[in-house]
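Step one of this worksheet: look at the structure below.
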Amino acid sequence: MNLQVEFEWILHEEVQAVLKQLHTILIECAWRFPVPLCGNDISPKHEKYVMSVSAHTTPEQVKCVVALTGDSITHADISLKVQKQPNVIYRTSIQAENPWKLQQVQDAGNHLQQAILHIENVDKDYVFRSSEEVLHMLGKVLGCLQRGRSSLIVPRKKTIDDLMNSRNMKSLVPNLPENLAVSFYIQSHKLIFAVYHVGSAHGTMKFDTFQAECSLPWLSEVLVLFTVGLQMCQQLKDKDKVAELLV
Amino acid sequence: MAASTNLVIPVVLWGKTAPTHCISSIYLTRDQKNLVTGCYDGQICLWQVDPDTLKMTPRCLLVGHTAPVLCLCRASILADNNYIVSSSESGEMCTWDLVDGKCREATKQPYVHTNMQAYHMAGTDDVRLFCNGYYAEVLIMDPFSLELLFTLSSRVNPDWISALHVLRPAKRKDDVVLALTTTGTIKVWTLSSALGAIGSLQDGLTPGKGGSGATSPTHSPSSALQSPSSEPCYENESKQIRCLNALTMTCCSCNQRTVLIVCSKYWQIFDAGDFSVLCSVHAPQAERWMGGDFLSADRVLIWSDEGKGYLYQLPANCIADHKDFHAKATDADNPFLYCILAVPSEKPLSCPPAMQFFHGTPRQGKSQKYLLRGDSDGNVIYWIVPDVTDGQLAQIRQEEFVKPPGLAPNYNTSLTKAWSEMKPPPVGILDQLDTPECPGVKLTASIFLPQQGRLVCGREDGSIVIVPAVQSIMLQLLHGRHQQYDDWPPHQLLLGHSGRVNCLLYPHNIHPHYEPSQLVSGGVDFAVCLWDLNTGSLLHRFCVHAGEVTQLLVPPSDCSPRIQKCICSVGSDHSVALLGLTERKCVVLASRHLFPVVTIKWRPLDDFMVVGCSDGSVYVWQMETGHLDRVLHGITAEEVLCACDDTIAGVSGVGGGSGGLGGGGEMGLANPAIHLLRGLRHRNLSAIRHATIRGLHQLQQLHHDGEHGESAEMAFLRKNHASPLMVQGLRTNPRDPEAHVLFFDIEALAVQLLSEEYSTMSPGTLEAQGLINQSVYMKVVALTQSASPDAHKKIADFFGRVKDKAGDMERILKEKDRHGLLAKMKEGAENVQTKLQAKAEIVGLKGTGPDGSPRKG
């Protein structure tokens, strides 16, 4: 009997309360994004970073200064040195009229926005009638948050050919030689700049990788809020499942 | 593939309860003969439809996707083409044959589609799929190869495309793609016929294939998707409008002048010429729009998430050939709601239903329009959209009414209904235990012990029933004297759980170093019970989890001696335990996981148990000490999980022969039967296919490398696999009771019958039958020992000689076949139509049919 009361309390009170809290957190998360999202009519922020080299890369090999506007790299000065040709320095740049777009940011933002829309679709005075209904809605929100978070922390793998032919590579001025490919991507709270030098050894293709990185403060905050949101959602789901089981 | 000589016939015993089918997408084929419904659990149900009466009967359940089926569409322009394409939320796409339910092509991509439109482009021989989803491009794919042909990219404000419509403007030869981004930018691509040529040429032009294989972690899909040879295809026009997060966009087919855009809060009509709003209607209180379509130039049908259809007449300024078209809207000019399609007094739904508008092909000079709906309870309903003439409409306008007239659905069916209409009802594997006073207790878990031929079933009331499998199946499927016996076959009952038994494990099945008498069960009562099968007694009850026990596993055999005697249990409190079966105590309790456990992998040589959670995090536990070694996220987490597979393959692959199929590395994987079952449980199509192939492969290998180091284990595998009957529990939703799939392996059956036959013959009989001479003897030896490619042909010859027994068996098989294969071949046969079947894909049924003729497809 008491369990039945508790179950009803979860359906009628707790779910709405948690959803409200979750909504606040997700809106907070959306506001951290440097791009317009969920009606946060901010003008895209402009920030400049000097990237530092990662492990296994010496400071001479990669030098890179980037300027970010919203989800795009609007300016970058890049100079590269390849081990086999120690005297040659390759220089290239990204110009504002041809920015390098970080698709991961837009993807994460859109997934987040979908999660928020799913929550907003539940009217404030709506009373849930069954635990399936709650689980269904939470499942959708969880899915969005999960996809949004992983688009930032797990960058997609691509072949070197795809990289070479990418639209972003074409925004480099001047072009790099054919055996060099570069890529900007986000991994957790960091912006990574990776350089792939393709060579052939004994007839098989191999490549060396150099990396530089810088951490983006807003990304750490976004990831924390994503994680908190996910956990909150999962806890509510677990609670709902247990309550249903015991009734 | 030479290895597929094994003919395995699957027969499903569904039981009295219909599977849960929470419909996420719905599609009616254009010839009105097949209805396809995809569900949130990933299955697809095919319904046979009578094209004239539109009566629907569920026909088969396609198992393959691991996530909700988001969209379905046709694969060809031909109205009677029997293929469809499905796409799921985890990026899987499948092309299915609607006749025999086989999956013709399957692929998994990082791009998840939310919508697919099959469209026949100028200059192509068949349709292309125009897809949009969680990415910023429009992808054009081939429906049969599921290869990406080309990509449409955006130059201005690239963002996800939320709605898409492809059309060919009147008097023009090229096609136009109209797309709307989530942020409300309308984009127009004009496709040149050169693009149509891509894909028609096939080979060489398809991107993404034949790369160097080198991988590098980068993102931005746009780059990955372009055909390497060509410049990206950018939009020709782009315009910002105010529609955010649109759901559908449709251009009126009558005049191509007006466009309907549906967002969840409102729907609007736009002038296609300049994309200005002509009218706008808000969603009713507590409802959200989901989609809509034009019925005619001046009528629209819009449906909402409550599962209702709303019919509107458009005002004069929205009708293209009207003199007032595009005039400024006045207050009197609102769209007129003249009818509501609703289900009277309906049970509340747990999620928005899937709805689809269908314009029927003309029959007897009349073409009807339908609104189809599939809901969370597996109900399929449709309304015939009423044809209201302008005169009638004027009359309705005269009448004063508070609420517009409602219309109840014209037809209503569901899996549950189909089940209840079956006479006799679909059989379950333990139906003999039902009595009229006490209707069947739901079966919630089951495991088959091939060596003992016994089936163990856990039930909802906490009891575990053990029955001889063959007799129990005979009772359900075959008519005969045995049905008169009282309380036959004898069954054993294990009582110890209070509440549902969630999972069962017979460790000896997986590795022989476990006691053959021990059975393990996990229940909703948080307990794991250890049973002695011989005495039926409860040996021990482990109470270590703080939530129901959901899964039981066996750690690999090369773990430390202490861990080797353990089994692994997973609880719904996200904990994992290693339970020592001999020491009767919990060795490790790994319980710090914040999210549900989805995978457990092992690094036996490093003494690590690697637990993967649903949020992508990975926890590495030391097994001997129970210490949490580290917690990983993101890319490193993925890499560590993958590395576990590598080491296993690398270590045990040494010495394994490299056969024609997969090479030695695969020999290290666990019993292929287990993988098959796991695949089935996780609904992973390729895993099932793979496991089937691997199983066959191993079987062949075993005979060749008899002296192989792991021969004890291998012989064990062989014994398991060559069992003529396998029983596998089938559950598509965790709340459902279990159905059962019986796998009859015809070759193993023949082999077993032959060996039995010959072992009982005296030398005299053998001589009389001419079997004693060397060549025949060799043949028999070859048959009983090897699964060589022509074995089944040889078996066919032998059938003649061992007629008595084999003939008997053939009859039994035919009896079973009535429920299985024949159903697929004679679709029209009335009595079998209603039988749902687990499809051939489950067992990789390929090669030859029972009569030796090649199967189509």
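Only residues that are more than 20 Å from B:A75 (Cβ to Cβ), hydrophobic (A, V, I, L, M, F, W, C) and part of a strand (DSSP E or B) were counted in segment B:26-60, giving 2.
Apart from one condition, A:A194 fits all of (1) under 29 Å from A:I73 (Cα atoms); (2) among the aliphatic types (A, V, I, L, M); (3) modelled with pLDDT under 90; the exception is (3).
Among the residues making up segment A:132-169, those that are under 23 Å from the mean Cα position of the chain (by Cα), modelled with pLDDT under 90 and in a helix (DSSP H, G or I) are A:I160, A:D162, A:L163, A:M164, A:N168, A:M169. On the given criteria, is A:A194 more than 11 Å from every other protein chain (Cβ to nearest Cβ) and of a type in the set (G, A, S)? Here the answer is no, as A:A194 does not meet what is asked. Here segment B:342-398 is the region considered, the condition is being surrounded by fewer than 21 Cβ atoms within 10 Å (Cβ to Cβ) and among the hydroxyl-bearing types (S, T, Y), and the residue that is nearest to the other protein chains (Cβ to nearest Cβ) is B:S350. Residues of segment B:451-506 that are in a helix (DSSP H, G or I) and in contact with a Lys or Arg (Cβ under 7 Å, 6 or more places away or on another chain): B:A469, B:L477. Of all the criteria given as (1) at pLDDT below 95; (2) more than 8 Å from chain B (Cβ to nearest Cβ); (3) farther than 20 Å from A:H56 by Cα, the one not satisfied by A:Q211 is (3). Among the residues of segment B:269-321, the ones that are without any contact (Cβ under 8 Å) to a residue 12 or more places away in the chain and more than 30 Å from A:K124 (Cβ to Cβ) come to 1 in all. Among the residues of segment A:183-205, are any outside any strand (DSSP E or B), over 30 Å from A:L112 (Cβ atoms) and either touching a residue at least 40 places away in the same chain (Cβ under 8 Å) or of a type in the set (A, V, I, L, M, F, W, C) (or both)? Scanning segment A:183-205 turns up no residue that is outside any strand (DSSP E or B), over 30 Å from A:L112 (Cβ atoms) and either touching a residue at least 40 places away in the same chain (Cβ under 8 Å) or of a type in the set (A, V, I, L, M, F, W, C) (or both). From the list A:R167, A:R149, A:R156, the lone residue that is facing another protein chain (nearest Cβ under 9 Å) and out of contact with any strand residue (DSSP E or B) (no Cβ under 9 Å at 6 or more places or on another chain) is A:R149. Does segment B:3-12 contain at least one residue that is under 26 Å from B:C351 (Cβ atoms) and in contact with a strand residue (DSSP E or B) (Cβ under 7 Å, 6 or more places away or on another chain)? No; the residues of segment B:3-12 include none that is under 26 Å from B:C351 (Cβ atoms) and in contact with a strand residue (DSSP E or B) (Cβ under 7 Å, 6 or more places away or on another chain). In segment B:547-561, how many residues are crowded, with 21+ Cβ neighbours inside 10 Å and within 14 Å of another protein chain (Cβ to nearest Cβ)? Matching residues across segment B:547-561 total 2.
Let's see how each residue does on (1) in a strand (DSSP E or B); (2) loosely packed, with under 15 Cβ neighbours inside 10 Å; (3) modelled with pLDDT under 95:
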site	(1), (2), (3)
B:E515	no, no, yes
B:G522	yes, no, no
B:L539	yes, no, no
B:V544	no, no, no
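Taken over segment A:101-119, the criterion of being over 21 Å from B:D305 (Cα atoms), among the hydrophobic types (A, V, I, L, M, F, W, C) and more than 9 Å from chain B (Cβ to nearest Cβ) is satisfied by A:V105, A:A108, A:L112.
Taking segment B:14-45 on its own, how many of its residues are within 18 Å of the chain's Cα centre (by Cα), more than 14 Å from chain A (Cβ to nearest Cβ) and under 22 Å from B:D100 (Cβ atoms)? If you could, list the steps in order and put the result at the bottom.
Taking segment B:14-45 first, the residues within 18 Å of the chain's Cα centre (by Cα) are B:14, B:18-27, B:34-45.
With more than 14 Å from chain A (Cβ to nearest Cβ) added as a condition, the list becomes B:14, B:18-19, B:25-27, B:34-38, B:43-45.
Retained after the next criterion (residues that are under 22 Å from B:D100 (Cβ atoms)): B:14, B:19, B:25-27, B:34-38, B:43-45.
Residues flagged as within 18 Å of the chain's Cα centre (by Cα), more than 14 Å from chain A (Cβ to nearest Cβ) and under 22 Å from B:D100 (Cβ atoms) within segment B:14-45 amount to 13.
Looking at segment B:248-291 only, could you name the residues that are within 38 Å of the chain's Cα centre (by Cα) and among the basic types (K, R)? Hits for segment B:248-291 are B:K265, B:R288.
When B:N132 is tested against the conditions (1) without any contact (Cβ under 8 Å) to a residue 60 or more places away in the chain; (2) out of contact with any Pro (no Cβ under 9 Å at 6 or more places or on another chain); (3) assigned to a loop (DSSP other than H, G, I, E, B), the lone failure is (3).
Test of understanding: among B:Y777, B:Y758, which residue is more than 26 Å from the chain's Cα centre (by Cα), at pLDDT 70 or above, of a type outside the set (V, I, T) and surrounded by fewer than 19 Cβ atoms within 10 Å (Cβ to Cβ)?
B:Y758
Scanning segment B:118-129 turns up no residue that is at pLDDT 95 or above, within 13 Å of another protein chain (Cβ to nearest Cβ) and in a strand (DSSP E or B). Any residue at all in segment B:86-101 that is without any contact (Cβ under 8 Å) to a residue 24 or more places away in the chain, buried (at least 22 other Cβ atoms within 10 Å of the Cβ) and not in a strand (DSSP E or B)? So far as segment B:86-101 goes, yes, one or more of its residues are without any contact (Cβ under 8 Å) to a residue 24 or more places away in the chain, buried (at least 22 other Cβ atoms within 10 Å of the Cβ) and not in a strand (DSSP E or B).
The residue of segment B:383-411 that is farthest from the chain's Cα centre (by Cα), among those that are among the aliphatic types (A, V, I, L, M) and modelled with pLDDT of 85 or more, is B:A394.
If you take the residues of segment A:120-146 that are β-branched (V, I, T) and buried (at least 21 other Cβ atoms within 10 Å of the Cβ), which of them is farthest from the other protein chains (Cβ to nearest Cβ)? Taking the candidates together, the pick is A:V141.
Restricting B:L433, B:L477, B:L449, B:L505 to residues that are surrounded by 16 or more Cβ atoms within 10 Å (Cβ to Cβ) and modelled with pLDDT of 95 or more narrows the list to B:L505. Hey, any hits in segment B:413-428 for a residue that's within 30 Å of B:P490 (Cβ to Cβ) and among the aliphatic types (A, V, I, L, M)? Within segment B:413-428, one or more residues are within 30 Å of B:P490 (Cβ to Cβ) and among the aliphatic types (A, V, I, L, M). Checked against (1) surrounded by fewer than 19 Cβ atoms within 10 Å (Cβ to Cβ); (2) more than 9 Å from chain B (Cβ to nearest Cβ); (3) under 20 Å from A:R147 (Cα atoms), A:Q231 passes all but condition (2).
Any idea which of A:A55, A:A67 is surrounded by fewer than 16 Cβ atoms within 10 Å (Cβ to Cβ) and within 25 Å of the chain's Cα centre (by Cα)?
A:A55
Can you find a residue in segment B:300-309 that is buried (at least 19 other Cβ atoms within 10 Å of the Cβ) and farther than 30 Å from A:R129 by Cβ? Yes; the residues of segment B:300-309 include at least one that is buried (at least 19 other Cβ atoms within 10 Å of the Cβ) and farther than 30 Å from A:R129 by Cβ. For segment B:397-429, the candidate set comprises residues that are part of a loop (DSSP other than H, G, I, E, B) and touching a Gly at 6+ places or on another chain (Cβ under 7 Å); within that set, the residue that is farthest from B:G309 (Cα to Cα) is B:G428. Within segment A:170-182, the residues that satisfy the criterion of being more than 8 Å from chain B (Cβ to nearest Cβ) and either in a helix (DSSP H, G or I) or buried (at least 19 other Cβ atoms within 10 Å of the Cβ) (or both) are A:K170, A:S171, A:L180, A:V182.
The values are calculated or read from the model by the stated rules, or taken from the named source; none is laboratory data. No experiment lies behind these values; they were computed from the predicted model shown. FYI the Cβ positions are ideal-geometry reconstructions off the backbone, even for glycines, and counts take in every protein chain you see.
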